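Okay, so here's the structure we're looking at.
The values are calculated or read from the model by the stated rules, or taken from the named source; none is laboratory data. These figures come from a predicted structure and were not determined experimentally. With ideal geometry, Cβ positions are generated from the backbone for all residues, glycine too; neighbour counts draw on all protein chains shown. Just so you know, the surface numbers come from the protein's heavy atoms only, side chains and all, with ligands and any DNA or RNA stripped out. Shrake-Rupley method; radii C 1.70, N 1.55, O 1.52, S 1.80 Å.
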Amino acid sequence: MSKTTQGRVTLTLSTALLALTLAMPAAAESAGQGEETTTEGHSMDATGQGSGMMAEGAAAEEPAEEAAPFTAEDLGRVVATVGGTDITVGHMMVAKASLPQQYQQIPDAQLWDGLLQQLIQQEVLSQSKDAEETDLVRLSMENERRSLLAAVAITTVADRAVTEEEVLAIYQRDYVDVEQGKEYNASHILLETKEAAEEVLAEVKGGADFATVAREKSTGPSGPNGGSLGWFGAGMMVEPFQVAVESLAPGDVTGPVETQFGWHVIKLNETRTQEAPELETVRAEIVQQIQQDKVEEHIDSLMRQMDVTRMPQGTVDPSILSETQLLEN
């Protein structure tokens, strides 16, 4: 079996074991529901009393005490032992985090038995005589450890990289102090032919109200609204239309302008300078930029300090990377 196939089988096996274990309680519950007897909509317990009613004379249950908050010490709590090897809450937490997305939505209480059963079965298999620690296993564990430690380092650097002062400084530099560009408020009348557009242009320039003509003759969706397109910035419209708008002064009318939508008669109503976005709308982008820059700086610094020897390409034939059968040893 190739290692690619082996990896797929391992994932399929783990998922199948979990799915089977999760399905068993649900199936048992479904089967049990058919055997229950009910009276006036209340299910009956083993004593024949309705679970939905309080037995006569019984005292009301006291509210359950609030559970104590979990601590890091709970990670080491043993939930199963297989051949002398403990399985802990921490193992279950990590296993849950690595499950496919559809399992992440399952309530923890429902997931618990299936997840624990999967870990127990995996441990049983790993201790069997058929479980051989091949080169693939050894190298995969080394790569996984390297990757996880690197991720922890990156997260640590990123978390301490951001200060409010730096966020404000970048916001000021990249948004407040930068020319935000111009916005345009324009209207148009869309027509099917150049000749029709020329007639409308002459009519508007002759004194006809632009909005009224738009309502009467425009074939575009903005026609009923007097042709108004509202505010838009540079690059928001198709190029011929945008170029025509930017060449106008407020109050000017031009046309015919051809685009893929038809022929336009365009009026520029007014312009304004764009305002800088609110800090909170761009905070996430700024934080991400700071973190990325600091992580890259940190890696560059470590690379300069570390004794790194990198063999030139060609020292080893690159095609060996596809010879995965070598990992089966």
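Before moving on, here are some points about what is shown:
- PHE241 being buried (at least 17 other Cβ atoms within 10 Å of the Cβ) and under 24 Å from ALA197 (Cβ atoms): yes
- Selection status of ALA186, aliphatic (A, V, I, L, M), over 22 Å from HIS298 (Cα atoms) and modelled with pLDDT under 95: no
- Residues of the range 167-194 that are touching a helix residue (DSSP H, G or I) at 6+ places or on another chain (Cβ under 9 Å) and among the basic types (Lys, Arg): LYS182 alone.
- Residue within the range 274-293 that is open to solvent by less than 60 Å² (accessible area, probe 1.4 Å) and of a type in the set (D, E, K, R) present: yes
- If only residues of the range 93-107 that are in contact (Cβ under 8 Å) with a residue 24 or more places away in the chain and assigned to a helix (DSSP H, G or I) are counted, the one that is farthest from ASP74 (Cα to Cα) is TYR103.
- Of the strands (runs of 3 or more DSSP E) lying entirely inside the range 223-329, those containing at least 2 residues that are closer than 30 Å to ALA169 by Cα span 228-233, 262-273.
- Only listed residue being in contact with an Asp or Glu (Cβ under 9 Å, 6 or more places away or on another chain) and farther than 22 Å from ILE154 by Cα, chosen from LEU326, LEU229: LEU326
- Close pairs from the range 152-166: first within 15 Å of GLU285 (Cα to Cα) and open to solvent by 50 Å² or more (accessible area, probe 1.4 Å), partner of a type in the set (A, V, I, L, M) and part of a helix (DSSP H, G or I), Cβ under 9 Å, at least 6 apart: THR163/ILE290; GLU166/ILE286; GLU166/ILE290
- The residues in the range 212-237 that are in contact (Cβ under 8 Å) with a residue 24 or more places away in the chain, surrounded by 14 or more Cβ atoms within 10 Å (Cβ to Cβ) and not β-branched (Val, Ile, Thr) can be counted, and the count is 12.
- Considering the conditions (1) in a strand (DSSP E or B); (2) of a type outside the set (Ser, Thr, Tyr); (3) open to solvent by 100 Å² or more (accessible area, probe 1.4 Å), LEU190 is excluded by exactly one of them, (3).
Residue-by-condition table, conditions (1) surrounded by 11 or more Cβ atoms within 10 Å (Cβ to Cβ); (2) in a helix (DSSP H, G or I); (3) at positive phi:
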residue	(1), (2), (3)
HIS91	yes, yes, no
ALA109	no, yes, no
LEU119	yes, yes, no
ASP130	no, no, no
GLU142	no, yes, no
LEU148	no, yes, no
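- Some residue of the range 79-88 being open to solvent by less than 80 Å² (accessible area, probe 1.4 Å) and assigned to a helix (DSSP H, G or I): no
- Complete set of residues in the range 168-187 that are open to solvent by 70 Å² or more (accessible area, probe 1.4 Å) and either of a type in the set (D, E, K, R) or touching a residue at least 24 places away in the same chain (Cβ under 8 Å) (or both): LEU168, ARG173, ASP177, GLU179, LYS182
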